[in-house]
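Derivation of every value follows stated rules applied to the coordinates shown; laboratory data play no part. Predicted model, so just to flag it, every value in this text is computed and none were measured. In this analysis, Cβ positions are derived from the backbone assuming ideal geometry, glycine residues included, and neighbour counts consider all displayed protein chains.
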């Protein structure tokens, strides 16, 4: 059973949507129905929201809020942001069947009152997610996102070459496919950093639009790290190699840390201008999350 979680900034709830969704007592029953299945996050227009569906995640379990009586958390995993927000209404048509059936658009707002968590159909879920991942799945982007056939297993090729209707039918397998998730992550990270290495500041893009930089996870996926820009850095292959082996890391102020006894002097000279601060996205909301940086730095200190 699929669902929608409405989320907005400054809501007063203790949300960290990559990990958990906070909700009051009246939603406990419907939230419990979603355990083990997928939900789509939607931002309402209120409080500056985008009035769009923005990401997908899977509900693992419901936990009681020990500090606030009656309130609970939906603990989620496999969070994946959409390539672009999916409009709540597209050419006058709502993405959710229950809203399409209302008929009068002026009544939709009233209908949604008290329904911040709600059930949607399998078909609507698949359509929203397929639209949200449209750029990742688009054949013209395959080489740029490292989804060209030469680098893929047969199963992933099958997902990518299937017609949209078949992709919608197999959307859950697509959401869990590591190659496709990596491509989505690469697209977000490279775009945020303008295809420029955070450490060397070099920006190299070939004639086909593929950047030389790679998308590096700060907190590794294998250890539980999420596929979000705030857990990523755009790095050249050499910098990525060093970062994954914890031979370079970051301070809380985004200065570069270098393992001087393990990194060759030639490279240390190349990195010297980034000791105070690496190259960061223009949007501060996309900067590395300090909790992820701290995890990486801890491993750097013990390397």
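What's the ranking of 102-109, 115-122 by average number of surrounding C-beta atoms within 10 Å, highest first?
115-122, 102-109
Take the alpha carbon gyration tensor of the range 136-302, find the square roots of its eigenvalues, order them as a ≥ b ≥ c, and report rounded if a/c is under 1.5; if not, report prolate when a/b exceeds b/c, else oblate.
prolate
Given the options 38, 241, 287, state which has the largest fluctuation in a GNM of the chain using a 10 Å cut-off (strictly under) for Cα springs.
The residue that fluctuates most here is 241.
Calculate how steeply helix 122-132 sits against the longest principal axis of the alpha-carbon atoms of the chain, using the helix alpha-carbon long axis, and give the answer as 0 to 90 degrees to the nearest 10.
40 degrees
If a/c stays under 1.5 just call it rounded; otherwise compare a/b with b/c (prolate if a/b is bigger, oblate if not). Do that for the range 153-225, with a ≥ b ≥ c from the square roots of the Cα gyration tensor eigenvalues.
Judged from the Cα gyration tensor, the range 153-225 comes out oblate (a/c at least 1.5, b/c at or above a/b).
Just check the range 87-174 against the gyration tensor rule for me: Cα atoms, a ≥ b ≥ c as the square roots of the eigenvalues, rounded for a/c under 1.5, and otherwise prolate or oblate depending on whether a/b exceeds b/c.
Because a/c hits 1.5 or more and a/b exceeds b/c, the range 87-174 counts as prolate.
When 17, 174, 278 are ordered from fewest to most other Cβ atoms inside 10 Å of their Cβ, what list results?
Going from sparsest to densest Cβ surroundings: 17, 174, 278.
How high is the relative contact order of the chain, in percent, with contacts defined as C-alpha pairs under 8 Å that are six or more residues apart?
It comes to 13 percent, rounded to a whole number.
Quick one: if the Förster radius is 51 Å, what FRET efficiency do residue 1 and residue 276 give, using the C-beta to C-beta distance and rounding to 0.05?
0.50
Remind me, relative contact order of the range 2-119 in percent, using alpha carbon pairs under 8 angstrom and six or more residues apart?
Rounded, it is 29 percent for the range 2-119.
I'd like the orientation of helix 290-302 relative to the chain: the angle between its Cα long axis and the longest Cα principal axis, in ° from 0 to 90, rounded to 10.
So the inclination is approximately 40 degrees.
Based on DSSP H runs of at least 4 residues, each adding -39500 (n - 2.57), what is the mean residue ellipticity at 222 nm of the chain after dividing by all its residues, to the nearest 500 deg cm²/dmol?
Value at 222 nm, helices only: -8000 deg cm²/dmol.
For q = 0.14, 0.19 Å⁻¹, what log10 I(q)/I(0) does the range 1-148 give under the Debye formula with an equal point scatterer on each alpha carbon and no solvent?
Log10 I(q)/I(0), no solvent term: -0.69, -1.19.
For the chain, modelled as a GNM with alpha-carbon contacts under 10 angstrom, which of 156, 131, 29 fluctuates the most?
Ranking 156, 131, 29 by mean-square fluctuation puts 29 first.
Once you keep just the Cα pairs under 8 angstrom separated by 6 or more residues, what percentage relative contact order results for the range 98-189?
Dividing the mean separation by the residue count of the range 98-189 yields 30 percent.
Can you tell me the orientation of helix 178-192 relative to the chain, as the angle in degrees between its alpha-carbon axis and the longest Cα principal axis, to the nearest 10?
For 178-192 against the chain, the angle is about 70 degrees.
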